[in-house]
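The values are calculated or read from the model by the stated rules, or taken from the named source; none is laboratory data. What you see is a predicted model, and the numbers here were worked out from it, not measured in a lab. Neighbour counts run over all protein chains shown; Cβ positions are idealised from the backbone, glycine included. These area figures cover heavy atoms from the full protein model, side chains too; ligands, DNA and RNA do not enter into them. Shrake-Rupley method; radii C 1.70, N 1.55, O 1.52, S 1.80 Å.
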Amino acid sequence: MVTRQVLVTGMAWDTALGDDLDGVWSRLLAGETGLREVPSPHRLRNRLAATVDDPPAGWTPARRQISLGTRTVGRALQDAGIDGDPGEALLVLGTSYGAHLDDTRAGGLHDWAAAVARGLGFTRPPVSVSTACSSGADAILVGGHLIAAGMTEVAVCGGVDILTAAKRLGHSALGTMSPTLLRAFDEAADGTLLGEGAGIVVLEEAGRAQRRQARAYAELLGGGSANDAAGMTAPDPSGAAVLLAVRRSLAAAGLSTDQVAVVNAHATGTPVNDAVEAASFDRLFPAADRPVLFATKGAFGHTLGATGAIEAIALVQALRHGKVPPVYGLDTPAPGLAFPVPQGAPVALGPGAGLSVTLGFGGFNTSLVFAGAADGLG
């Protein structure tokens with residue numbers, strides 16, 4: 001395989017805390033949350049959810065999915081300085097079910113991505129990914145591989161997902177929805193709460209970025225994935241596939257565990273997921289040299305197919321700014337959590353790379369490795 005250096009030259013997100021790149025980051029550092037009461041026609045375990053204000057809740061799910069994707073991809077292109085015409089850039093988009101569960105007019109799980117590509121003038125057919133909650137992370141992983149293999153010089157990648165009645169009802173019925181609050185890694189953790197949003201990154205081959213004097217936020221060093229296939233919802237309690245995905249990502253990046261400064265964990269707030277993830281990291285990192293662990297679902301809600309991309313952007317922001325936001329809802333760390341986890345206030349971040357880890361339903365586990373911007377491009 002031909003290998004090439006892959007840089008992040010543009011980013012955009014749309015979250016319950018807003019859509020301004022640094023404005024949302026400031027709200028995360030301040031410990032804010034986008035969770036609020038959201039009406040539902042169904043009896044749910046909890047009415048808290050994290051929604052975006054635009055597109056309007058009254059639009060059909062299919063229209064909301066396409067609108068949210070189009071707007072966020074467009075802003076990422078603008079942020080990268082690729083305005084108006086994306087040219088030969090390749091669009092790689094992920095979602096879980098998008099509008100598919102609630103809207104019979106939504107078509108297949110590729111149709112929305114094709115609509116986004118048409119609306120923004122992409123000349124190449126898009127690639128679409130649907131790997132449950134790992135979809136956004138897998139879209140970035142695929143885009144990075146396509147650039148490294150010489151298939152494209154620019155890949156616009158990420159995840160988009162909207163909150164729908166069926167998704168809320170489904171998680172309520174499954175018992176994965178918290179009846180109280182999303183408390184990742186807390187001893188009182190009792191479930192997750194849903195959100196919606198989008199996260200898009202522009203990945204670019206370094207030579208092309210240098211030629212056009214592009215700003216680089218970070219470098220995508222590598223990624224890895226694995227599937228434990230243990231069940232439809234619960235992860236393999238051994239954590240073997242989580243470890244395999246992370247180890248594959250570090251091998252692809254050419255890094256050892258002592259070169260990792262920070263991990264943005266999946267951290268859904270469900271006791272089983274958090275326990276498996278924490279135990280996996282405990283086995284991976286030596287006790288004497290452990291990275292800072294943080295999580296953002298208490299702020300953004302669990303945005304399903306968008307979560308891996310939104311969390312990748314949050315990780316890049318942590319590397320950019322040298323600090324990590326507090327974990328919303330974390331009051332008393334769960335017994336045995338032997339990692340530094342920010343509580344109540346941001347903490348400073350030392351030198352090193354960062355991992356963004358996503359664990360999806362069906363056993364989809366993905367790990368992305370980022371480092372600070374390359375010298376001369378930042």
> Counting alpha carbon pairs within less than 8 Å and at least 6 residues apart, what relative contact order, in whole percent, applies to region 202-316?
Replying inline: 25 percent
> Normalised by the residues of region 269-350, what does the relative contact order come to in percent, with Cα pairs under 8 Å and at least six apart?
Replying inline: 36 percent
>> 7 Å from Cα along Cα→Cβ at both ALA166 and ALA188: what's the point-to-point distance in nm?
In response: 3.5 nm
> How many Å² of accessible area per residue for region 31-110, probe 1.4 Å?
Replying inline: 49 Å²
>> With a 10 Å cut-off between alpha carbons and a GNM built on the chain, which of LEU101, LEU77, LEU169 moves the most?
In response: LEU101
> Taking θ as phi - 60°, what are the ³J(HN,Hα) couplings along region 209-220 by the Karplus curve (6.51, -1.76, 1.60), each to the nearest whole Hz, with x for Gly and Pro?
Replying inline: 4, 5, 4, 9, 6, 7, 6, 10, 7, 6, 10, 7
> Tell me, in nm to one decimal, what length is gained between ASP258 and ASP83 on full extension, where the rule is 0.36 nm per residue of separation less the Cα-Cα distance?
Replying inline: 59.0 nm
> Rounded, prolate or oblate: which one fits region 251-378, using the alpha carbon gyration tensor with axes a ≥ b ≥ c (rounded when a/c is under 1.5, else prolate when a/b beats b/c, else oblate)?
Replying inline: rounded
>> Please state the shape class of region 137-290: rounded when a/c is under 1.5, otherwise prolate if a/b exceeds b/c and oblate if not, all from the C-alpha gyration tensor.
In response: oblate
> How high is the FRET efficiency from HIS321 to THR104, r the C-beta distance, R0 45 Å, rounded to 0.05?
Replying inline: 0.55
> To the nearest 10 Å², what's ARG75's accessible area with a 1.4 Å probe?
Replying inline: 60 Å²
> Taking all protein chains as present, what is the carbon and sulfur share of the accessible area of the chain, in % to the nearest whole number, probe 1.4 Å?
Replying inline: 53 percent
>> Once ligands and nucleic acids are excluded and a 1.4 Å probe is used, how much of GLU153 is accessible, expressed in Å² to the nearest 10?
In response: 80 Å²
>> Could you report the accessible area of PHE185 in Å², rounded to 10, computed with a 1.4 Å probe on the protein chains as they sit in the structure?
In response: 10 Å²
>> If I build a Gaussian network model for the chain, linking alpha-carbon pairs within less than 10 angstrom, which residue out of PRO125, PRO61, PRO325 has the largest mean-square fluctuation?
In response: PRO125
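Give the accessible surface of region 148-226 per residue, rounded to a whole number of Å², with probe radius 1.4 Å and ligands, DNA and RNA excluded.
Each residue of region 148-226 exposes 29 Å² on average to a 1.4 Å probe.
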> Antiparallel DSSP bridges in the chain: what percent, to the nearest 5?
Replying inline: 70 percent
> Sorting THR366, THR332 by accessible area (1.4 Å probe), largest first, what list results?
Replying inline: THR332, THR366
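Would you work out if region 3-143 is rounded, prolate or oblate? Take a ≥ b ≥ c from the square roots of the eigenvalues of the alpha-carbon gyration tensor; rounded if a/c is under 1.5, else prolate when a/b is larger than b/c, oblate otherwise.
Oblate.
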>> Can you give me the distance in nm between label points at ARG43 and GLN210, each placed 7 Å from the Cα along the Cα-to-Cβ direction?
In response: 6.5 nm
> Once phi is turned into θ = phi - 60°, what whole-Hz ³J(HN,Hα) does the Karplus curve with 6.51, -1.76 and 1.60 give for every residue of region 85-98, x standing for Gly and Pro?
Replying inline: 10, x, x, 8, 4, 9, 8, 10, 10, x, 8, 7, 10, x
